Amino acid sequence: MEKIFQHSYLDRYAKAFSQKVCDEYFGTKKYMSGQEIIRLTPSTQLNLMVIKSLFDLWQEEMDILARNPYFDYRDYAVKESLKEFMNVLSRAIKIEKNHFMPLLEMAVKQTVTLAWDPLGFFLEETKKVQERSPQYFKDLKKYLKWHTDLWLSIIEKSPDMASASDLEAGLRAQYDRLKHDLEPAEALLKPFDQVLPLNHGELLIHEEASSETDVKRMASPEDEAGDGDTFSAGIQQTYENDTEKISLGEGSIDPALAWARFESEEYIFMRGSIGNIQENVGINQRYMFTRKLFKGNPDLMNQAFHELDKVESFIDAVTLLNERYVNELDWDINSEEVDELLQLVFRKFEDKQ
């Protein structure tokens, strides 16, 4: 079963860990090279996960190029040239601190996930089956030091790549067979403590509490009452009557419900923590938003960020998204991508109105 993380803690930990590593490294150097990434931290898996992130970005770039209707990227000579080009680029990695920080943060989160929840980590990879070649999935073994048997046992049996649902079923079955033999997460993540101790108790949410206690805490008027900054009676009633995950509505995002959800204990610390959305979107987030929300058009995404940075409040920002993007681009408002975008918008504003 996939683990449930306290994402607020993991976000804070990844940011603090990355800040400490980068402050130490970039205190004397301006750029990070590929060879230096390999030996950057005491965790070999984390270092490889950073390289994997670069590999994923390269694949994203290739996906965008391959959609060009004027050239045949399936041509053998083109494929070989691109492979050689990637080899050259891999020897010429040169990253400044402001670009490396979000890359390392994402790698920390992915590495922690791989340790504690290998099934969840690999299930995320299977979602890419429609977008990636079989070789992509086989190449992942270059970046994995942990739980490789779980992954390779599935991929080696699917040379032509089965559907995502078939891969998921295979992974779950293999996980059930191997889960008792997997190395404990605490042991795998022990090298992290040499940089910054990781509190595993704070990281994980107990499932019994997550389904009931957390909802009741969000629903409680006493918890949310304050100096005038409270939920409206209607929103309080919505929480009191809803025992499942709060929905933002059908067809469009409800800004009041979205604000209320992020203002819960798990997200409250993030409010007003960024001044500009355009400058605070992570590299992986950019590619995810481009692919999943903006139809592969980075210019359209940048236009949306520019417009969001000009509005005055959270409600104005969500209204803008509803009017110009949600319906026009057929967004699933309950998707992970929309949720991450709304988190960024929430982090920009101190006030709802």
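Placing pseudo-labels 7 Å out from each Cα toward the beta carbon at LEU65 and LEU182 gives an inter-label distance of 3.5 nm. Extending 7 Å from the Cα toward the beta-carbon at both LEU329 and GLN303 defines two label points whose distance is 1.1 nm. Spatial offset of the stretch 277-353 relative to the stretch 1-50 amounts to 26 Å, using the alpha carbon center of each.
Among the listed pairs LYS29/LYS52; LYS30/LYS295; LYS109/LYS190; LYS20/LYS52; LYS109/LYS348; LYS94/LYS142, those whose Cα-Cα separation exceeds 26 Å are LYS30/LYS295. At an R0 of 41 angstrom, the distance between the Cβ atoms of GLU312 and ILE4 translates into a FRET efficiency of 0.70. For the stretch 7-70, just say rounded, prolate or oblate: build the C-alpha gyration tensor, square-root its eigenvalues into a ≥ b ≥ c, call rounded for a/c under 1.5, and beyond that prolate if a/b exceeds b/c, oblate if not. Prolate, because a/c is 1.5 or more and a/b exceeds b/c.
The label point for THR28 and the one for GLN278, both projected 7 Å from the Cα toward the Cβ, are 3.7 nm apart. Compared with the direct C-alpha span, the chain from ALA16 to ASP149 gains 44.7 nm at full extension, assuming 0.36 nm per residue. Looking at the square roots a ≥ b ≥ c of the eigenvalues of the Cα gyration tensor of the stretch 292-344, which shape do they give, rounded for a/c under 1.5, prolate if a/b is larger than b/c, or oblate? Here the stretch 292-344 falls in the oblate category. In this Cβ point-charge picture (+1 for Lys and Arg, -1 for Asp and Glu), the stretch 1-50 has a dipole of about 80 debye about its Cα centre.
Throughout, read-outs are computed from the coordinates displayed, never taken from laboratory work. Predicted model, so just to flag it, every value in this text is computed and none were measured. Cβ atoms come from the backbone with ideal geometry, glycine included; neighbour counts cover every protein chain shown.
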